[in-house]
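See below for the structure under consideration.
The values are calculated or read from the model by the stated rules, or taken from the named source; none is laboratory data. A quick note: this is a predicted structure, and the numbers were derived from the prediction, not measured. Heads up, the Cβs are rebuilt from the backbone with ideal geometry, glycines too, and the neighbour counts pull from every protein chain shown.
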Amino acid sequence: MRADLLTDAVEGLDEALAAVDGFDEVLVGGLLRPQPGQAAGLAGLADAVAGSPLAGRVAEAAEKTAAGAADEDHYMALAAARTALLGSVHDALVARIEEAVGRPRAEEPAVGAAGAEHPVNLLVAARGWLCDLARAGWQGIDHELIGGAAPVVTAMLPEPGLRRLATLLDGFAAELAASCPGATLERVPVRRWADLWSRAMLLTLPGADRATAVGEATGRLLPLGVDLHEHATAVQAQVHAVFEPADGGTPRLVRASVSAPKPDTVVGAGLWQLLRPHMSLLTAVSEGRAMELDAMPVTAEGDLIWDEARAAQGEPAEPFTTARVALPTAAAAPAAPVDRHPARIAVPVLLEGYAVEDEAEGVAFRIAGERLAVDAGRVPAAGPLTADAVASSAACVGLLRWDAGEFRLQPLAVERTVRKKPVAVQAGAWAGGTADKAGVRAEKAATDAVNVLRERAGRLLRK
């Protein structure tokens with residue numbers, strides 16, 4: 001890997017992010033009565049897209065908003081401009097990663113598939129609430145304003161095509177409600193809330209969330225590792241893998257995800273008990289096996305729509321063998337336009353021949369004289385992979401991400417030497433069950449917690 005390309009500056013990146021930051025600060029104070037300082041942030045956003053097809057509409061929107069005379073269409077133009085800038089950042093960073101790892105460039109995204117029309121009145125209602133939110137700004141939020149999202153979300157949830165937007169609005173509103181009143185906030189998550197707001201605004205456009213074309217995948221699936229996402233009330237496991245088509249076509253990088261609701265008392269290895277029944281792929285990961293797929297639905301973005309009836313356990317397939325043999329020639333799928341954001345970058349890579357550096361802020365790898373930060377904080381507690389194992393490793397399969405202005409590596413598995421033999425340690429080693437002593441203890445503790453919750457729930461139902 002050309003590690004020097006990951007540390008070299010990307011032309012135009014700082015300027016694009018500065019324009020985004022300037023607009024995000026405008027949202028802190030709100031768009032109802034913008035102050036002179038906010039006008040500068042609006043003008044900066046318009047200048048940043050001056051050479052694009054959005055130029056005219058965004059310039060008008062910035063001018064009207066600075067004068068306090070903007071309407072919903074103007075706010076939509078501002079959200080589109082911000083999203084386009086971050087999309088350009090995403091594309092530039094992905095291009096740099098592809099150049100650094102020498103991986104085949106992805107094909108252009110497929111045309112979106114036709115989908116059912118959604119009730120326009122619900123989209124209009126959602127957009128109205130989001131515009132009210134922008135007018136008030138993060139410092140002006142209160143419980144009455146945030147409560148306006150509840151009836152919109154309730155009306156959207158019965159519509160399958162609107163659940164993505166409904167879930168986003170519901171989570172966003174809950175986060176804002178926990179921070180009310182905004183006037184007393186000591187610290188505002190400026191970038192995060194602006195991300196959620198602008199994404200939600202775009203999803204209120206009819207057709208913006210239309211499903212992409214779905215094809216079929218028949219061939220061999222070779223897992224690389226599991227990325228576990230945990231929330232107080234939900235958990236998701238995302239398996240990154242290489243798919244080798246049965247017809248001998250180009251291998252592809254794909255993902256398969258499974259989610260489940262969870263009580264906040266179930267943590268650590270207990271999370272696998274919630275996910276395991278829904279995806280046999282987790283067992284294949286922990287056992288180091290491939291899976292044979294037969295017409296498994298897959299989106300143009302490389303997401304497998306998992307169907308247990310279309311998958312069968314295959315031969316042994318160790319992740320580091322997959323990373324060394326199949327990963328270099330696997331093509332990554334393009335991101336959908338609405339999903340182009342630097343926070344979504346997660347590119348599987350294999351690193352070898354590095355030196356480990358222990359620093360005050362954590363571990364870093366030194367590759368050909370270049371420093372690559374390791375984000376050990378993303379390694380889940382639901383597996384045997386630890387920061388110590390990362391620090392003593394000689395090879396690493398991980399996800400290359402971009403965070404806080406630099407590329408960072410999230411380890412999925414490492415290879416270390418134990419008694420003069422290479423031993424692999426995976427973050428998802430306990431996904432399908434384990435005989436590991438630490439894993440067995442963690443599973444038992446989680447089982448006890450789940451049994452207690454079920455017993456209490458039974459009491460409530462009997463009453």
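General observations
- Scanning segment 172-231 for residues that are surrounded by fewer than 20 Cβ atoms within 10 Å (Cβ to Cβ), outside any strand (DSSP E or B) and polar (S, T, N, Q) yields 179, 184.
- Verdict on residue 95 being in a loop (DSSP other than H, G, I, E, B), among the aliphatic types (A, V, I, L, M) and loosely packed, with under 15 Cβ neighbours inside 10 Å: no
- Qualifying positions in segment 11-51 - of a type in the set (S, T, N, Q) and under 25 Å from residue 405 (Cα atoms): 38
- Test: residue in segment 227-239 that is within 30 Å of residue 152 (Cα to Cα) and β-branched (Val, Ile, Thr): yes
- Checking residue 270 against (1) part of a strand (DSSP E or B); (2) more than 19 Å from the chain's Cα centre (by Cα); (3) buried (at least 20 other Cβ atoms within 10 Å of the Cβ), the condition it does not meet: (1)
- Applying the criterion of being polar (S, T, N, Q) and buried (at least 19 other Cβ atoms within 10 Å of the Cβ) to the residues of segment 410-433, the residue that is farthest from residue 319 (Cα to Cα) is 410.
- Evaluation of residue 133 against the conditions (1) without any contact (Cβ under 8 Å) to a residue 12 or more places away in the chain; (2) within 21 Å of residue 206 (Cβ to Cβ) shows that the sole unmet condition is (1).
- Scanning segment 412-438 for residues that are out of contact with any strand residue (DSSP E or B) (no Cβ under 9 Å at 6 or more places or on another chain) and of a type in the set (A, V, I, L, M) turns up 418, 435, 438.
- Tabulated pairs, segment 96-107, first among the β-branched types (Val, Ile, Thr), second surrounded by 13 or more Cβ atoms within 10 Å (Cβ to Cβ) and at pLDDT 90 or above, C-beta under 7 angstrom, 6+ apart or interchain: 97/347; 97/400; 101/349
- Those strands (runs of 3 or more DSSP E) lying entirely in segment 279-387 with at least 2 residues surrounded by fewer than 15 Cβ atoms within 10 Å (Cβ to Cβ): 289-299, 311-316, 355-359
- Within segment 216-265, the set of residues being closer than 11 Å to residue 330 by Cβ and of a type in the set (D, E, K, R) comprises 244, 252.
- Filter result for the condition that a residue is among the basic types (Lys, Arg) and out of contact with any Asp or Glu (no Cβ under 7 Å at 6 or more places or on another chain), over 220, 252: 252
- Segment 208-229, subset modelled with pLDDT of 85 or more and of a type in the set (D, E, K, R), residue farthest from the chain's Cα centre (by Cα): 220
- Residues in segment 390-409 that are of a type outside the set (Lys, Arg) and surrounded by 20 or more Cβ atoms within 10 Å (Cβ to Cβ): 10 in all.
- When residue 233 is tested against (1) among the β-branched types (Val, Ile, Thr); (2) in contact (Cβ under 8 Å) with a residue 40 or more places away in the chain; (3) more than 19 Å from residue 280 (Cα to Cα), only condition (2) is not met.
- Scanning segment 118-166 for residues that are among the charged types (D, E, K, R) and out of contact with any Pro (no Cβ under 7 Å at 6 or more places or on another chain), we see that the one that is surrounded by the most Cβ atoms within 10 Å (Cβ to Cβ) is 127.
- Pair list, Cβ under 9 Å, 6 or more apart: segment 170-185 residue within 18 Å of residue 154 (Cα to Cα), other residue among the basic types (Lys, Arg): 175/192
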